[in-house]
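*Asks:* Sharing a structure here in structure tokens format.
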Amino acid sequence: MQTPDEPTWERLTQLTATTRSYAPTRFILAIASLVDADAIRGAVTTVDLAGPTVWTSVLVTDTALCRVSASFDAEHFDREEESQQQFRYNAPAMTLTEAWTRPLASVREISIADVSGEIDRQKWYRVAGMKLILDDGKQIELPDQGRLHDTREREQSDEFLTAVRRGVSF
């Protein structure tokens, strides 16, 4: 496939960024292989930097839901680490544990486990235990909004949920 152009690359970089890290190149390319960046209406991304680094993004368009999860055989592996000399020519192995796109209409349920007090008295409250349940029973856990300390991440989470709610068929 053709490498994404600069505006597409920048959009995917922003959609997959976390508070402290930018996603590795191969992770972004996996997403670009499955979904048109211009069609994305919302995205949530998490990263577990301990042990093998695991990056996971769930993205939504007007008609599709996309999930990509990749494990890298290195601790704390992100774009900054990727640019270091030791990884430039000897990148850690990446294993795609999930990489799919499904119709957004396959979401049959949106569930939450808890709603608690305000994070910011004027704007935010915490929603926890959020899940999307697909028509085949697959459950997609979404990040706990109470753990999102960055306003940009909270806004991104809200945009994602709004896009899902608008796109589901119930």
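*Asks:* When the chain is fully extended, how far beyond the present Cα-Cα distance does D38 get from V115, taking 0.36 nm per residue of separation?
*Replies:* 24.5 nm
*Asks:* Taking the highest mean first, how do the peptides 66-79, 152-165, 129-142 order by number of other beta carbon atoms within 10 angstrom per residue?
*Replies:* Listed from highest to lowest mean packing, they are 66-79, 152-165, 129-142.
*Asks:* Once you have the Cα-Cα distance between F170 and Q85, take 0.36 nm times their residue separation minus that, and quote the gain in nm to one decimal.
*Replies:* That pair, F170 and Q85, stretches by 25.5 nm at full extension.
*Asks:* A further question on this structure: In degrees between 0 and 90, to the nearest 10, how far off the longest principal axis of the chain does helix 25-34 point, with axes built from Cα atoms?
*Replies:* Orientation of helix 25-34: about 50 degrees from the principal axis.
*Asks:* Tilt of helix 6-16 relative to the longest C-alpha principal axis of the chain, in degrees (0 to 90, nearest 10)?
*Replies:* Value to nearest ten degrees: 60.
*Asks:* Mind checking which of V68, F27, A105 is farthest towards the positive end of the chain's charge dipole, using Cβ charges of +1 (Lys, Arg) and -1 (Asp, Glu) about the Cα centre?
*Replies:* A105
*Asks:* To continue, here is another question. Pulled fully out, how much extra length does the chain show between R108 and Q14, if you take 0.36 nm times their separation in residues and subtract their Cα-Cα distance?
*Replies:* Fully extending the segment from R108 to Q14 adds 31.0 nm.
*Asks:* Tell me the label-point distance for the pair E141, K123, using the 7 Å Cα-to-Cβ offset, in nm and rounded to one decimal.
*Replies:* Those two pseudo-labels are separated by 2.8 nm.
*Asks:* Another one. What is the diffusion coefficient of the stretch 1-131 in µm²/s, taking the Kirkwood radius over Cα pairs and the Stokes-Einstein relation at 37 °C with a viscosity of 0.692 mPa s?
*Replies:* Estimated via Stokes-Einstein, D reaches 204 µm²/s.
Just so you know, all these numbers are worked out from the coordinates, no wet-lab data involved. Quick caveat, the model's predicted, so the values are computed rather than measured. Don't worry about glycine lacking a Cβ; one is built from the backbone with ideal geometry, like all the others, and counts go over all protein chains shown.
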